[in-house]
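Beneath this line is the structure, given in structure tokens, with notes to follow.
FYI, it's all coordinate maths here, none of it is from the lab. A quick note: this is a predicted structure, and the numbers were derived from the prediction, not measured. Note that we place each Cβ from the backbone using ideal geometry, even for glycine, and neighbour counts take in every protein chain shown.
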Amino acid sequence: MKVLVIQPKIGMGDMVIYLPYIHAISKKYGGPVSLLVKDNSRADEILEGDKHIDEIILLDRTKNNLGKHDGIFGLYRLSKTIKNKNYDKVFIFSSSFRYLLVSKLAKIKDIHQYPLFLKKDNIVTSAKTFAEKELNQKVSTQPILNISKNENKEKFSKDFKHLCIGLSASGPTKRWDVNKYIDLCEKLNENFPCKFYLAAGKNDSELIDHFFKSKVRKNCVSFDKLKIKGTIPIIKNCDLYIGNDTGWLHISAALGLNCLALFMDSPVMAYGKYSKNIFVVVPEGETEETTTHDTLGKEKISFEKVYKKAIELLN
């Protein structure tokens, strides 16, 4: 049986969060599935070698509607691509009518989809409820990102604590001040020698430059020149993730790291509670239940709370 999974959310974090449900579908039907995902999910790198995935089809849709799968002609173009692959079944992790229409035009007979036109949802709750209903079984929310022994080559000195520092974020309101991260790293380095792996990309050069002008510059390694798949073995060997709610957080959690996540402007109940490996710090005056995409609390994250929790997790 050929099975397609459509997951149109953007970003690495969303891709990781959907992994338990994709894996459950693969196991249920006894073989790997195909994925239709957006390019910025980085699925091709994150899931390279995943035995539950046999093909990744990139969904080319853009904000300016110039992607090859945008508009009415893009819809037909996408449906033709999918039709040529002769899928028996599709699971659509979206309430969009567009993907239902694409699946019907592609002549997929067995279609499973979120309720149409769902306005607001909790990404984890919706996916879990949908998967459990359609598969008729319990599904854990804990993602597992496996890498082969050949990829897990990084050998880190036991004389140091190795910390992945999640500097990057999807916007400035979700990003703790870089100088506070530097102060934190300097203070942690006074307790025990540390190596810091700066989880940031090409667009974060200014943040990275700050670190390489600090007292801990000799202890820093930046990810900005590496591909995502090149960072995964490094993260796997770290002792702790400390950082913003960003894709690096969710990759780290799926690799089994303890993660200290700072939720300044995103909902903890959606992005911080699905994994046993995530420990959160929220702005002063907020709770895990009250944080939203409009909390705007980056100035209210307690340095002392972050520091004390980091020490606790490292010990």
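Seen from every direction in turn and averaged, the convex hull around the alpha carbons of segment 159-315 projects onto 8.3 nm². The stretch between Lys27 and Lys225 holds 67.7 nm of extra length on full extension. This uses 0.36 nm per residue minus the Cα-Cα distance. Per the Cα gyration tensor, the chain maps to an equivalent ellipsoid with semi-axes of 36, 20, 18 Å, ordered largest to smallest.
Length available on full extension from Asn179 to Lys109: 0.36 nm per residue minus the Cα-Cα distance, which gives 19.7 nm.
Ranked by how many other Cβ atoms sit within 10 Å of their own Cβ, fewest first, the residues Trp248, Trp176 fall in the order Trp176, Trp248. Using R0 = 51 Å, the C-beta based FRET efficiency linking Glu45 and Asn315 works out to 0.95.
If a/c stays under 1.5 just call it rounded; otherwise compare a/b with b/c (prolate if a/b is bigger, oblate if not). Do that for segment 47-87, with a ≥ b ≥ c from the square roots of the Cα gyration tensor eigenvalues. Here segment 47-87 falls in the oblate category. Remark: relative contact order (the chain) = 16 percent; criterion is Cα-Cα distance under 8 angstrom and separation of 6 or more residues. Peptides 87-93, 289-295, 135-141 ranked from most to least packed give 87-93, 289-295, 135-141, packing being the mean of other C-beta atoms within 10 angstrom over each peptide's residues.
Packing-based ranking of 26-34, 178-186 yields 178-186, 26-34, ordered from highest to lowest mean Cβ neighbour count within 10 Å. In this label model, Asn191 and Asn146 are separated by 3.5 nm, measuring between points 7 Å along each Cα→Cβ vector.
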